[in-house]
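Working notes, structure below.
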Amino acid sequence: MAEEGSIFFEKAWNSSWSEALFFSYGGYLNIVANASTLLAYHVMPLADAPYLTMGIALLFQLCAPWLILTAKDTWLASYQVRLIAVTLLLVVPEWAEVSLHSVHSQYHLALCCGLILALDTEKGWREYLRCALLFFAPLSGPGGVVMAPLFILRAILDRTRVRMAECLVINVASAIQMLLFFHKFQDRTYSVNCYDYVLVFLIRYVMTPLIGLKHTVIHIGHSLQTMEKGGNTPYPFVVVAVCLLGLCVVTLIYQMTFNKRSHEAVWLAFAGGTHALVSMFGALGGAITVFLPGCAERYVFVGQSLFSLSIVCLAVTGTPVVKKICWHLATIMLVMGIYHFITPFNKNMLHGPSWWVEVARWEKNHDTPLHIWPQPEWNMHLH
């Protein structure tokens with residue numbers, strides 16, 4: 001898929017194993033994508049290579065649901081709640097871009113970091129597996145790195161050996177990424193525009209999960225994006241977004257202060273908000289490119305996932321009024337999530353050139369590029 005083939009697999013094919021394994025692209029090391037494509041090149045026939053990268057990506061994609069299914073937290077004691085939480089993870093509205101390819105396993109690893117941060121610690125092999133996820137996440141992308149400071153805070157508050165170990169693992173891996181591989185990427189604008197941020201919150205984290213009228217949401221996103229690009233900030237929408245964001249923050253602060261049972265919901269929302277904010281800051285083209293549902297889904301996937309779980313947690317542990325509201329929200333998100341899963345925002349992600357046809361063409365003439373992505377066209381050159 002796209003960069004997985006034309007960048008990472010091509011690098012594995014045309015370079016030494018060491019150059020391919022430690023290849024830094026987009027401003028950072030993505031060890032999962034590097035290792036997956038390197039393995040696919042060395043151990044699989046070309047015609048079957050994508051099956052290995054898809055299989056590895058699927059394993060990482062199943063880690064977050066596995067963490068929920070095996071967690072010992074009180075709010076997940078009910079089988080029904082656990083099932084709802086896992087289902088919401090599987091039907092996040094904008095899932096297509098981060099599914100079944102190794103390049104975007106980094107986002108599933110970042111999601112795992114947010115879950116491990118919020119959930120109670122484990123013992124034995126389960127905790128060792130969590131630490132492995134915390135180690136690979138920062139080495140696969142910035143999403144894991146931005147979670148590292150949150151683990152410092154959690155370790156300070158909890159003061160347990162397990163939390164200290166988790167903090168040490170993710171921060172050491174983050175230091176390796178930042179000191180040895182991270183560099184500024186010219187296509188990233190690193191813009192700070194608060195209006196863009198709150199409007200993205202309104203469109204992608206409120207309207208997209210709760211509204212099933214795709215064309216309406218896309219039309220609103222496109223209109224607001226056009227106004228922002230033209231320098232005409234849509235202040236009424238900004239005010240609505242700020243009010244909703246403020247309501248969410250006040251609710252979480254209240255629950256954190258007066259309802260100790262809801263502290264997991266606060267950590268989930270804190271992790272989701274941190275990832276969402278940094279993703280918009282480092283997005284290719286800036287936060288304004290994240291307005292349209294179906295575009296740049298990778299930047300909102302982690303936030304949408306963690307926010308939905310935070311709402312489920314509040315539905316179980318919150319005060320009576322908060323419980324009632326959050327159960328209604330969880331029900332709507334569940335219905336809309338299933339609908340969006342059946343009819344995804346970005347259908348172009350589900351179709352592309354036939355890999356076997358492209359391989360057959362290449363085997364007849366090795367100078368022929370392999371077409372791997374339709375719009376925009378991505379080609380892979382193997383020599």
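Observations on the structure shown:
- Neighbour cut-off at most 15 other Cβ (10 Å), DSSP loop, trypsin sites (Lys or Arg not before Pro), region 179-277: Lys184
- Put simply, when 265-273, 245-253 are sorted by average Cβ atoms within 10 angstrom per residue, most first, you get 265-273, 245-253.
- Applying 0.36 nm per residue to the separation of Ser78 and Leu213 and subtracting their alpha-carbon distance, the gain on full extension is 45.4 nm.
- Portion, in percent, of the accessible area of region 21-61 that falls on carbon or sulfur, probe 1.4 Å: 76
- Highest average first, the peptides 78-84, 222-228 ordered by how many other beta carbon atoms sit within 10 Å of their residues are 222-228, 78-84.
- Zone residues, region 17-36, relative to Arg188, backbone N less than 13 Å from point 7 Å out along Cα-to-Cβ: 25-30
- Within region 291-383, GluC sites (Glu not before Pro) in DSSP loop having at most 13 other beta-carbon neighbours inside 10 Å: Glu377
- Residue with peak Gaussian network fluctuation, the chain [Cα springs, cutoff 10 Å], from His351, His340, His371: His351
- Residue-normalised convex hull volume from the C-alpha trace of region 281-383: 152 Å³ per residue.
- Within region 7-26, backbone nitrogen closer than 17 Å to the virtual label 7 Å beyond the Cα of His366 toward Cβ: 10-16
- When the convex hull of its Cα atoms is viewed from all sides, region 1-349 shows a mean projected area of 17.6 nm².
- Candidates Gln304, Gln186, Gln106, ranked by Gaussian network fluctuation over the chain, Cα under 10 Å, top entry: Gln186
- Mean-position separation - Cα centroids, region 333-347 and region 281-319, in angstrom: 15
- Global geometry of region 177-263, whether rounded, prolate or oblate, following the gyration tensor of its Cα atoms and the 1.5 cut on a/c: oblate
- FRET E, pair Arg161, Phe22, Förster distance 35 Å, beta-carbon r, rounded to 0.05: 0.65
- Estimated FRET transfer efficiency when R0 is 30 angstrom, pair Met227-Leu277 (beta carbons, to 0.05): 0.85
- Cross-link partners for Lys11 among the lysines, with Cα-Cα distance under 30 Å and sequence neighbours closer than 8 places in the same chain left out: Lys184, Lys347, Lys364.
- Projecting the Cα positions of Ser262, Thr121, Val357 onto the charge dipole of the chain (unit charges on Cβ atoms of Lys, Arg, Asp and Glu, taken about the Cα centre) puts Ser262 furthest along the positive direction.
- Using the Cβ of Trp95 as centre and a radius below 12 Å, the other residues enclosed give a net charge of -2, where K and R count +1 and D and E count -1.
- On Cα atoms only, tilt of 298-317 relative to the major axis of the chain in degrees: 30
- Accessible surface calculations at 1.4 Å, restricted to protein heavy atoms, place the chain at 46 Å² per residue.
- Assuming charge only on the beta carbon of Lys and Arg (+1) and of Asp and Glu (-1), the dipole of the chain about its Cα centre is about 1200 debye to the nearest 20.
- Region 228-304 shape via C-alpha gyration tensor axes, a/c threshold 1.5: oblate
- Principal-axis tilt of helix 79-90 within the chain, Cα atoms, nearest 10 degrees: 40
- Between 0 and 90 degrees, the angle of helix 105-118 with respect to the longest Cα principal axis of the chain falls at about 20 degrees.
- In percent, rounded to a whole number, the relative contact order of region 1-349 is 22, using alpha-carbon pairs under 8 Å and six or more apart.
The values are calculated or read from the model by the stated rules, or taken from the named source; none is laboratory data. Worth saying up front: this structure is predicted, and the values here are computed from it rather than measured. Because the Cβ atoms are built from the backbone with ideal geometry, glycine has one as well, and the counts that use them run over all protein chains shown. Accessible surface is based on the protein model in full, side chains and every heavy atom, while ligands, DNA and RNA are left aside. Shrake-Rupley method; radii C 1.70, N 1.55, O 1.52, S 1.80 Å.
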